[in-house]
Amino acid sequence: MQRIIISGGPGAGKSTLLEALHDRGYPTSAEVSRLLIQEQVQLGSKQVPWNDLSGFAGLALERMQRAYQQAQGPLTFFDRGIPDILAYLRVGNIPLEPDWMQAARRYPYAPCVLMAPPWKEIYVNDAERWQTFAEATRLYETLSEVYQSLGYQLIVLPQVSVAERVAFVETILKKWFLEEPLSALTPEPSFCQSGKLRMSDPTISS
């Protein structure tokens, strides 16, 4: 099965895209960290990222491993993956322990990661999104570095409407898997090239 990550900085529209893909009938896995923050705040716990990033990361890793194992069917879209934890820790200047790196390699995702770039026009703060836009941009850059260091290649999502982003992703699936049935998903090795598939590609249409 293919576990396809949608990642990127906070407030860039990735969760909205995931919801739209879910509405289209694709299996999805919601963002663990956002749900965890809501739970920890309701419990009055101090294990939230702005107080105890390392402790929160441990909770997130456990939940992400469970979500990874529970995924079923030929493909599932994930709102963030385990490597995201490494990026958050790096931005927080917390040394990465060997266990973190081992977990990132023990649970491999699809070789291409869909990245939502910083998008100032839609960026807003809320109860679970405390970062400034500058901090969100830095996190995006660190996420890109972490995923590439782990051997993943990045496909940058265009800053267009949700419907156009869904069409973009569906075109990627068609190109990536060469129109194969979902039961036989195998990415074409030459397709997954960082930064080479954009809205300017003549095969992409909304």
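Read-outs throughout are calculated quantities, based only on the coordinates presented, and are distinct from any laboratory measurement. In this text, all values refer to a predicted model and were calculated from it rather than measured experimentally. Positions of Cβ are generated from backbone atoms using ideal geometry, with glycine treated the same way; all protein chains shown enter the neighbour counts.
Over the Cα atoms of the stretch 2-184, the radius of gyration divided by the Kirkwood radius equals 0.94; this is the Rg/Rh ratio.
When peptides 50-56, 68-74 are ranked by their average number of other Cβ atoms within 10 Å per residue, the highest-first order is 50-56, 68-74.
The relative contact order of the stretch 2-184, computed from alpha carbon pairs under 8 Å that lie at least 6 residues apart in sequence, is 33 percent.
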